[in-house]
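Where a number appears in this text, it was derived from the coordinates with a stated rule and is not lab data. Owing to the predicted nature of the structure, the values given are computational and were not obtained by experimental measurement. Here Cβ is always computed from backbone atoms with ideal geometry, including for glycine, and neighbour counts include all displayed protein chains.
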Amino acid sequence: MTRHTTILAIESSCDETAAAVVRDGREVLSNIIYSQIDLHTIYGGVVPEIASRKHVEKINQVVKSAITESGLGWDEIDAVAVTYGPGLVGALLVGVSAAKALAYAKGKPLVGVNHIEGHIAANYIEHPELEPPFMCMVASGGHSHLVKVTDYHTFEIIGRTRDDAAGEAFDKVARAIGLGYPGGPKIDALSKEGDPKAIAFPRAFMEDAPYDFSFSGLKSAVLNYLNGCEMKHLPVNKADVAASFQAAVVDVLVDNSIRAAVAHGCKTLTLAGGVASNGTLRAAMKEAAEQAGLHFCYPSPVYCTDNAAMIGVAGYYAYQAGVRSGLHLNAVPNLAIGEDRTCTS
């Protein structure tokens, strides 16, 4: 009989309370997500204190649902994996505390997982052929990274944002043109009605670091355009603004990703993070990858946004690499990719 390795995973780094059961790092037996988007929309963004309190209310429910839906008992769970950074410290603490309690009560090993590494690992779920090495473009509300995945548990940052992350820029521009939160999906939808060439917004490229990103100047250009129209009493075509802004972001993400993959000898390019669910980005990256002779893959939207299945996958490979986190495990809100602050046995 084949011996499977099964991970119960918990994710609570921002405004989703999630739990999942993952078998052998590729098979998702359950993936339960409680989203707080509706709750935070009225504030125009995530309110950390509210997010933390809601995690406390929901964490036991989602864990129980994940176990039930998987059809397994605790005797079939090999370890408990949990996001311990980066993210909102209060939100992280809820998940970490719950995972430590479960690991202690059930006598299971505890595995701390880096949230961003979890996003990267989401690609393994639906692409059984995918194996390191490959290049991954991680784009989310708080992160824009180009990461060379040299092994399942080894990462090299090739490029990163100098200021605003791509998702952060989407949220700020969406707020400026009156779309509200969350900005990414709303700009993506509105941009379909606009002309991406209507407004010549800037694309920033770093001469000293050719794979780094900067979206602060682009955000400022959009705000200056809107303010200029207001002062001159000119009408604003929101769809054109959304489409032109999105095109500027996508151009930079695609160009840097393709150049980095080719320069570092990677034959495969992947996407990860919330912004990876953007339809325009996926289409543009696919076309550019094909032209460059690269294999390209990305997760389904449910695995792009925060979820526990991706933490279960990353947790599986960390567990296989011998990572064990003691009950001293704490939340690390500024945890960097490849920075392991857990114990390894």
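For the peptides 37-49, 57-69, 297-309, 315-327, the ranking by mean Cβ contacts within 10 Å, running from highest to lowest, is 297-309, 315-327, 57-69, 37-49. The Cβ shell under 9 Å around Ser214 holds other residues with a net charge of -2, Lys and Arg each +1, Asp and Glu each -1.
Only helices reaching 30 angstrom along their own axis (Cα) with mean Kyte-Doolittle hydropathy no lower than 0.5 count here, and for the DSSP H runs of the chain these are 238-263. Assign one of three labels to segment 268-317, namely rounded, prolate or oblate, based on the Cα gyration tensor with a ≥ b ≥ c the square roots of its eigenvalues; rounded applies when a/c is under 1.5, prolate when it is not and a/b is larger than b/c, and oblate otherwise. Note, shape of segment 268-317 comes out oblate.
In this label model, Lys232 and Lys267 are separated by 5.2 nm, measuring between points 7 Å along each Cα→Cβ vector. Considering only alpha-carbon pairs that sit under 8 angstrom and 6 or more positions apart, the relative contact order computed for segment 132-299 is 27 percent. From helices alone, the chain scores -13500 deg cm²/dmol at 222 nm; the rule is -39500 (n - 2.57) for each run of n ≥ 4 DSSP H residues, then divide by the residue total.
Centre-to-centre separation between the Cα atoms of segment 247-275 and those of segment 10-79: 30 Å. Taken over segment 76-196, the percentage of Cα pairs per 10 Å bin, counting from 0 up to the bin with the maximum distance, is 12, 29, 33, 21, 5, 1. Diffusion coefficient (Stokes-Einstein, Kirkwood radius over C-alpha pairs, 10 °C, 1.306 mPa s) for the chain: 78 µm²/s, rounded to a whole number.
Which FRET efficiency value, to the nearest 0.05, do you get for Ala198 and Leu130 by plugging their Cβ-Cβ distance into 1/(1 + (r/R0)^6) with R0 = 56 Å? Intermediate values should be presented prior to the final figure.
Numbers: r = 38 Å, r/R0 = 0.67.
After rounding to 0.05, the efficiency reads 0.90.
Dividing the C-alpha radius of gyration of segment 1-131 by 2.2 N^0.38 Å, with N its residue count, gives 1.05.
For Lys100, a cut-off of 18 angstrom between C-alpha atoms picks up these lysines, skipping any fewer than 8 places away in its own chain: Lys58, Lys64, Lys108. Listed by chain and number, the lysines whose alpha-carbon sits under 22 Å from that of Lys192, ignoring those within fewer than 8 places in the same chain, are Lys172, Lys219, Lys238, Lys286. Taken over segment 132-299, the alpha-carbon convex hull comes to 105 cubic angstrom per residue.
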